[in-house]
Each structure stands twice: as C-alpha cells, then as structure tokens.
Amino acid sequence: MKEVQEIQLQDSELNLKPTYERAPVIFDLIFKEVGNAIVGQKEMIKQILISMLCEGHVLVESNPGLGKTLTISTISQIMNMKFSRIQCTPDLMPADITGTDIIEDDERGSKHFKFKQGPVFANIVLADEINRASPKTQSALLEAMQEKQVTVANTTYFLDKPFFILATQNPIEMEGTYTLPEAQLDRFLMKIQLKYPDKEEEFEIVNRYAEAFRPNVQRCIDKQTFIELQQITRRIPISNKLKRYAIDIVNQTREMPDMIEAGASPRASIALILCAKANAFLDNRGYVDQGDIDCMVLPVLRHRIILSFDAARNNITSDSIILKILGEKKQLHNLSQ
C-alpha cells in the first residue's frame, strides 16, 4: 500500500503556503539571472542551490578556468545577502577569517578591547582555493561550518542566518596546497566536480567574454524568502521505503572493506535525504521519488568515503564504486516493488 504523502505548510507560528506557491517563479528567475553570466554548467548551479536550500556547504572542484568562482560570486549577487570572499593562501591566518580583538580608544581616552569581525561573518562566504590555506587556517572554518558560530578569546559569536561556505579547489596543483582532512570534507554537504563545456557552450563563452560583454544580473530574492524556502524544503515528504533505500546505499559503503577503508557516516544519510527533498522542490514536486535520491548520490557521497590501498593502487575512483553500489541497490529496489 502506497504511503500517503502530504506537505505541511502551515502551523501555529508559520504560514509557508504563499512562498511555496511562488517558488517555481523564484527558481526560474534565479536560473535565468545566473544564466546571464554563466554559460552551461546547469547541473552545478542546480546542485549549489540544492545545498543552500538544505542549509549546507559546497566544495566545487575543477580544473582552472571553468567558472567556479564566477558562478559562486554571481549567485551571491542575485541574493540580497551579505557576501564576502576569502582568497586562501599559505600565509593566511585563522584570525584573518574569524576576526580578532583590537585595542580601541573610547571618547574618554581609555583603551579597551573590541572584536573586529572577520570575513566569515557574512551570509555567503566564498573560500577560493581552500586547499591553499594551511591546516591551521582550514580548521578555523570547522566551528563556523558545523555550529554556525565562532569562538575567539573564550567569547562565542553567533553567525547570521542563512550561512553558507562555498569553497573551490583545483585538483591538479600540488605546489603550495594542503589536502583537506576527512573531518572537514565531511562538513561539506556536497562535493561538485565540473567538466569542460561542450563546443557550442565554449563558442558562446568566447562570444561573450572575448568582447565587451559585462554580465548584468539583478537581485531577485531576499534573505527572509530564502529562509522560508529552506523551511519548506525540510517539509517535503518522503516515504519510509525511500528513506530505507537511501540508508541502504550509505550502509553499503561500510560493507566493502576490499575497496573502501572507511564508509560514510549517518551524516551522509541525512544529507542524501535532504538533498533529494530539495531536488524534488526544484522540480516543482511536492514529494520525493527514487530519481531524486539517485541523482544526489554522487555529490553527497564522493567525498565521504576513503578508498582502500588496493582500490587506490588500481586507479579505482570513488565515483565508480558509488555508481556500482547505486546500480545494485536500484535493481533490488525495483524488484521489491
């Protein structure tokens, strides 16, 4: 018997129905405005928006010149939120990100300490080339990413909502880089990998940016509306059968010791189900289906598993293992229906 699925948009404190009804128009406008600056890369744009709807952080990885930084800065421009950019370098210090106490003179001439906020105190934070920052500086982002707060000199400062870290990294450079540790990778909801554009997309890129083109994007969504969209995302219903399907995929990563040294944690199960809800929301559906989970498996899991020595030696990628798991679980799920 099929489970009844119904989205709940109103309670004693909140009425989300008006925002839910306007959501398709809002999403279309977002994609249109981003498209004014970015050619192609529609899947990356969608996945970044999914992560933001889920209150998660994104790691975007690609070879140089594929539009990572431009895409993220463009998304920040269309949203009426505070934006800051951190250009990560080996000499960047934790205080350069979180902020620090400075000595300040008051009107009477006496001195006192005042906290000067760092660039992490924003709604959207672009951490460009995050793997160029030292491990000590990378760790300064851990508390902000997980707890949405910053502690400096025994004082805790809460970050404004919504809060997102959108980080980029280049996988082919080794000089002056520091690989992100697994504990920090797990705090990213998604790891998005970009491919080169096709010939027609590259032709359009050349037409735009080899001439006097200047992207013109307009703000199309405010902070409060986006927070309401986040609240709606968590209310998108999903059946228990699909929840178990998602959990089975994550659990399988812990049962392949010959290929995976360390599998994904329950945080991955939460992320997979949340991202499936956001994907359904963006597709203008009030419920989650199997396809929503399937298309989110790679970006949610690829950075959460550690390959065994034998798998790495044989050049087996995490993506190929995840796709193998997905194929097996899809077959079992379809047979059980």
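The values are calculated or read from the model by the stated rules, or taken from the named source; none is laboratory data. Here the structure is a predicted model, which is why all the values come from computation and not from measurement. Neighbour counts run over all protein chains shown; Cβ positions are idealised from the backbone, glycine included. Side chains included, ligands, DNA and RNA excluded: accessible areas come from the protein's heavy atoms. Shrake-Rupley method; radii C 1.70, N 1.55, O 1.52, S 1.80 Å.
Couple of notes before you dig in:
- Criterion: among the aliphatic types (A, V, I, L, M) and not in a helix (DSSP H, G or I) - qualifying residue of 300, 288: 288
- Those residues of region 194-203 which are surrounded by fewer than 17 Cβ atoms within 10 Å (Cβ to Cβ) and either farther than 27 Å from residue 130 by Cα or not hydroxyl-bearing (Ser, Thr, Tyr) (or both), in sequence order: 195, 197, 198, 199, 200, 201, 202, 203
- Verdict on residue 310 being free of Cβ contacts under 8 Å to residues at least 60 places away in the same chain, assigned to a helix (DSSP H, G or I), closer than 29 Å to residue 8 by Cα and of a type in the set (Asp, Glu): no
- Selection within region 16-32 - open to solvent by less than 40 Å² (accessible area, probe 1.4 Å) and aromatic (Phe, Trp, Tyr): 27
- Region 57-115, residues that are closer than 18 Å to residue 164 by Cα and of a type in the set (Ser, Thr, Tyr): 69, 71, 73, 74, 76, 84, 98
- Any chance residue 181 is in contact with a Pro (Cβ under 8 Å, 6 or more places away or on another chain) and closer than 28 Å to residue 41 by Cα: yes
- Residue check, residue 145 at pLDDT 85 or above, under 29 Å from residue 27 (Cβ atoms) and of a type in the set (A, V, I, L, M, F, W, C): yes
- Any hit, region 269-286, residues being more than 18 Å from residue 55 (Cα to Cα) and hydroxyl-bearing (Ser, Thr, Tyr): no
- Selected residue [β-branched (Val, Ile, Thr), within 22 Å of the chain's Cα centre (by Cα) and surrounded by fewer than 17 Cβ atoms within 10 Å (Cβ to Cβ)] from 168, 179: 179
- Checking residue 150 against (1) within 19 Å of residue 48 (Cα to Cα); (2) assigned to a strand (DSSP E or B); (3) of a type in the set (A, V, I, L, M), the condition it does not meet: (1)
- Some residue of region 49-62 being at pLDDT 80 or above, touching a strand residue (DSSP E or B) at 6+ places or on another chain (Cβ under 6 Å) and open to solvent by 20 Å² or more (accessible area, probe 1.4 Å): yes
- Test: residue 229 is of a type outside the set (S, T, N, Q), within 17 Å of residue 25 (Cβ to Cβ) and either more than 19 Å from the chain's Cα centre (by Cα) or surrounded by 11 or more Cβ atoms within 10 Å (Cβ to Cβ) (or both): yes
- Per this entry, residue 217 is counted among residues that are over 18 Å from residue 50 (Cα atoms), over 18 Å from the mean Cα position of the chain (by Cα) and surrounded by 16 or more Cβ atoms within 10 Å (Cβ to Cβ).
- In the set 291, 263, only one residue is surrounded by fewer than 16 Cβ atoms within 10 Å (Cβ to Cβ) and among the small types (Gly, Ala, Ser); that residue is 291.
- Residues located in region 223-282, provided they are part of a helix (DSSP H, G or I) and without any contact (Cβ under 8 Å) to a residue 24 or more places away in the chain: 224, 244, 247, 251, 266, 269, 270
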